[in-house]
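Have a look at the structure below, then the notes.
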Amino acid sequence: MNKQILVSALGAMLLASCADHFDQNFETVRPDKEAQYGYLEQYDALKEYIKDRPNFHLGIGTTVDEYNKKELVYALTNSNFNETVAGNAMKMASCVADDGSMNFDKVSEYVKNATDAGLSVYGHTLAWHAQQPNKYLNQLIADKELPPSSNVTRCLVIKNAEAGGHWDAQLYFPAQLSQGKKYVFKMNAKATAPFELILWGAPGDAGLGSISVGTKWNEYTVNFTPAANYENFVFAAGKLGGELDIKSLSLCEEGSTNNLIVNGDIKGDEVPCNKPYSWHKVTTEIKEVAESQVVEIPVSVGHLTFDDGKNLGGWGMDNAPKIVNGVYEVGNNAAKKNPWDAQVNYEPGFAFENGTTYHLKMKIKGSVAGEFGAVFQNPDGYKGCGDFPTINVTTDWNEVDVATLCNGDNALRLLLNIGKYAGTLYIDDFEVYYTKSSNTIPLTDEEKKEALTPVLQNWIYGMMEATEGKVKAWDVVNEAISGKDGSEFYPLQSATRGTVSADDAKNNFYWQDYLGDLDYVRTAVAAARKGFADAGGNPDELKLFINDYNLETAYDQNKKLKSLIHWIEEWEKDGKTKIDGIGSQMHVTYNMDPAKQKENEEAYVNMLHLMVDSHKLVRISELDMGLEDKDGNLVNTTDMTEEQHEKMRAYYEFIVKKYLEIVPENQQWGICQWCATDSPANSGWRAGSPVGLWDLDYYRKHTYGGFAAGLGAPEYWNNAK
């Protein structure tokens, strides 16, 4: 059946108000595959098999833009499922702009369309680290500008609100310039942003030079010899977008101290220049300018805590480096001939910059008192690139901080020369950093939390208001738990604690890093309950879930689920926070290796028992399935065999049946199939994979029969001819 046939049938179906039987009005099986798939015609729409379970939510992941068209996706969803879950439309980045404004129009339309059709809407998701309005959120916690100091300087202040062409902001300084004579122009100035100041002679706009003005006070000098006589020395300052402050400026014939610029020392009130073109927006005035406060901000280029397995290298020492209880240990039984005969090596993966002063900071103690040196080194020829001051060691923990200038190229190593030290060195929090001057300082942790907490609350309040109490179940927090090994339980995902990749840390916004591991979830839960009630919802009907992936995995014996249950207990310890349920995403893969597949199935069953034992509602939230061969290679839809399709059918049946068998009815929320159809080859989600119950042309697949049989339908394939 092609899409033209389907859409034609769809139009007739909608006109006849037969949306409850989406694929009963046309062929459900490909005509050329009747032999293998003909049995699927015997199945009813999926939701027909849960009529005896009125509280069971049979959900489907939904593309909201397509659903709101009330065409194909709308009909398929309404005919087969009683619950719909927005794939992306209800996530924060979909509703909140870069300026913080919120728009819920699409969400409101979707909820109305679904509830009018008799479906419930499951809300996905209120709090998450991905698909966040990162630009807006990061602006809220950006470094704050220091207030001006009490020191003021009298300046010529030139303002140009918007940068343009250099000719768009011209200022004339009357001065007689003679052809062939040599002149020296000096200016002590700074700008709010770097720009190129062009110098002309007028009339004629002849180039006399240029100055790259920076943001710190600096004296700039330009020497020039005019090619003609001029009456004005000109600033072409159109590249300035902001403010140029000038303490003094002088224009003298070489060898003379006679300043051709009137009031060049800025001691008088007369502005020494004029604006020749009235339409130019540049302004000038003499005024007192408060000096900006400047602080030195440390910028870390490498930090080892020794808590994550990352270690220092080295050679020549008697006792090889090791990490014991988060502390680096290294040493010698006896002093060696030369300091460099035993070296601890730190290579960050880049060259330290020639000309930059670096600090080496660490906590350190020794089994005996002593000292050692530290150096930068270029491995090519073992060239030294800067020596740090001697580091003294006592038998007590001390923090040392020494600095030196890196004075060579390709300094890939920082070495501790410990050859003369006889004993054991203990090192923790090993860090290399440099400092930069800034007139801003980072917000404190408390200030960041204070800035972000109302933003999370208002986002949730806005969503609840938009959905008018009609959406009664939500993923209140999504994917909070990391897969990084902690002690007994996994910690939360974090961009600051090394539990996520560098790319994830860069691209996502981890609320827990600012609100705290406990208050992040507690704040979201409290806001959801308040917002739901304020929007007219019945508080007793609201169900809040924590949703996560890899809860069913065999490789860690369901450790992530155990960790999630532990964290739910922690979040609820305040006596106010209540989590109603756990959602397991279940993005599973059938493995053609029978032993591995058996492990997968056992881990899934164990997951269900653990979830039941938590006494929370149990939801399979984003079920879809791929397949890998015996060698662990994922198989694309186009390469699937009939045998493999049938294996997936059996796995779907197993998953759904075991859910209904193991989870008590009063703990069953339901199952959401995440992908209606197989994934297109260009999809951003499991591209080219056989994840659907229908194929890309909306014909039923074997997996449809497996899902239906799991819900209680007959195994019609057993009687297929």
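The values are calculated or read from the model by the stated rules, or taken from the named source; none is laboratory data. Remember, predicted model here, so these are calculated numbers, not experimental data. Cβ coordinates were reconstructed from backbone atoms using ideal geometry, including for glycine residues, and neighbour counts include every protein chain displayed.
Miscellaneous remarks
- Residue list for the stretch 526-553, restricted to those being aromatic (Phe, Trp, Tyr) and within 30 Å of Asn591 (Cβ to Cβ): Phe545, Tyr549
- Test: Ala369 is surrounded by fewer than 18 Cβ atoms within 10 Å (Cβ to Cβ) and without any contact (Cβ under 8 Å) to a residue 60 or more places away in the chain: yes
- Within the stretch 496-531, the set of residues being at pLDDT 95 or above and assigned to a loop (DSSP other than H, G, I, E, B) comprises Asn508, Phe509, Tyr510, Trp511, Gly516.
- Contacts under 8 angstrom Cβ, first residue in the stretch 229-258 being without any contact (Cβ under 8 Å) to a residue 12 or more places away in the chain, partner in a strand (DSSP E or B), 6 or more apart: Asn258/Cys252
- Condition check for Glu569: surrounded by fewer than 17 Cβ atoms within 10 Å (Cβ to Cβ), among the acidic types (Asp, Glu) and more than 21 Å from Ile460 (Cβ to Cβ): yes
- Cβ-Cβ under 6 Å pairs, at least 6 apart or on other chains, the stretch 454-483 side without any contact (Cβ under 8 Å) to a residue 40 or more places away in the chain, far side of a type in the set (A, V, I, L, M, F, W, C) and outside any loop (DSSP other than H, G, I, E, B): none
- Considering the conditions (1) at pLDDT 95 or above; (2) surrounded by 18 or more Cβ atoms within 10 Å (Cβ to Cβ), Trp717 is excluded by exactly one of them, (1).
- Screening Val656, Val612 for residues that are without any contact (Cβ under 8 Å) to a residue 60 or more places away in the chain, crowded, with 22+ Cβ neighbours inside 10 Å and over 31 Å from the mean Cα position of the chain (by Cα) leaves exactly one candidate, Val656.
- Of the set (1) crowded, with 18+ Cβ neighbours inside 10 Å; (2) touching a strand residue (DSSP E or B) at 6+ places or on another chain (Cβ under 9 Å), all apply to Arg649 but (2).
- Residue match in the stretch 324-337 (condition: polar (S, T, N, Q), on the phi > 0 side of the Ramachandran plot and out of contact with any Leu (no Cβ under 7 Å at 6 or more places or on another chain)): yes
- Cβ pairs under 7 Å, 6+ apart, first in the stretch 155-183 and over 9 Å from Leu240 (Cα atoms), second basic (Lys, Arg) and outside any strand (DSSP E or B): Leu171/Lys275
- Between Thr496, Thr523, the distinction of being touching a helix residue (DSSP H, G or I) at 6+ places or on another chain (Cβ under 8 Å), of a type in the set (Val, Ile, Thr), at negative phi and free of Cβ contacts under 8 Å to residues at least 40 places away in the same chain belongs to Thr496 only.
- Residue in the stretch 379-386 that is under 38 Å from the mean Cα position of the chain (by Cα), among the small types (Gly, Ala, Ser) and farther than 30 Å from Leu156 by Cβ present: yes
- All positions within the stretch 90-131 that are touching a His at 6+ places or on another chain (Cβ under 9 Å) and within 20 Å of Trp685 (Cα to Cα): Met90, Lys91
- For the stretch 214-244, filtering for residues that are over 45 Å from the mean Cα position of the chain (by Cα) and assigned to a loop (DSSP other than H, G, I, E, B) leaves 5.
- Counted as qualifying within the stretch 77-181 are the strands (runs of 3 or more DSSP E) with 1 or more residues that are β-branched (Val, Ile, Thr) and touching a Phe, Trp or Tyr at 6+ places or on another chain (Cβ under 7 Å), namely 83-86.
- The sole residue among Val271, Val282, Val301 that is in the same structural domain as Val393 (by TED's automatic domain parsing) and of a type in the set (A, V, I, L, M) is Val301.
- Scanning the stretch 303-317 for residues that are surrounded by 12 or more Cβ atoms within 10 Å (Cβ to Cβ) and either of a type in the set (Ser, Thr, Tyr) or on the phi > 0 side of the Ramachandran plot (or both) gives Thr305, Phe306, Gly314, Gly316.
- Looking across the stretch 385-404, the residues that are of a type outside the set (S, T, N, Q), in a strand (DSSP E or B) and surrounded by 14 or more Cβ atoms within 10 Å (Cβ to Cβ) come down to Cys385, Gly386, Asp387, Ile391, Val393, Val400, Val402, Ala403.
- Verdict on Val375 being without any contact (Cβ under 8 Å) to a residue 60 or more places away in the chain, in the same structural domain as Gly423 (by TED's automatic domain parsing) and touching a His at 6+ places or on another chain (Cβ under 8 Å): no
- Elements of type strands (runs of 3 or more DSSP E) contained in the stretch 245-360, each with 1 or more residues being over 30 Å from Lys186 (Cα atoms), in contact with a Ser or Thr (Cβ under 6 Å, 6 or more places away or on another chain) and not β-branched (Val, Ile, Thr): 295-304, 327-332
- Selection within the stretch 185-207 - free of Cβ contacts under 8 Å to residues at least 60 places away in the same chain, closer than 22 Å to Gly241 by Cα and assigned to a strand (DSSP E or B): Lys190, Ala191, Phe195, Glu196, Leu197, Ile198, Leu199, Trp200, Gly207
- Subset of the stretch 98-130 that is surrounded by fewer than 16 Cβ atoms within 10 Å (Cβ to Cβ) and not charged (D, E, K, R) - its residue that is nearest to Glu48 (Cα to Cα): Gly118
- Qualifying residue in the stretch 286-296 (condition: buried (at least 16 other Cβ atoms within 10 Å of the Cβ) and modelled with pLDDT of 95 or more): yes
- Check on Leu634, within 31 Å of the chain's Cα centre (by Cα), touching a residue at least 40 places away in the same chain (Cβ under 8 Å), farther than 29 Å from Leu126 by Cα and surrounded by fewer than 22 Cβ atoms within 10 Å (Cβ to Cβ): yes
- Those residues of the stretch 432-453 which are of a type in the set (A, V, I, L, M, F, W, C) and modelled with pLDDT of 90 or more, in sequence order: Val432, Leu443, Ala451, Leu452
- Some residue of the stretch 420-428 being in contact with a Pro (Cβ under 9 Å, 6 or more places away or on another chain) and in a loop (DSSP other than H, G, I, E, B): yes
- Those residues of the stretch 172-191 which are hydrophobic (A, V, I, L, M, F, W, C), buried (at least 16 other Cβ atoms within 10 Å of the Cβ) and over 46 Å from the mean Cα position of the chain (by Cα), in sequence order: Phe173, Ala175, Leu177, Phe185
- Within the stretch 443-455, the presence of at least one residue that is in a helix (DSSP H, G or I), hydroxyl-bearing (Ser, Thr, Tyr) and under 23 Å from the mean Cα position of the chain (by Cα) is confirmed.
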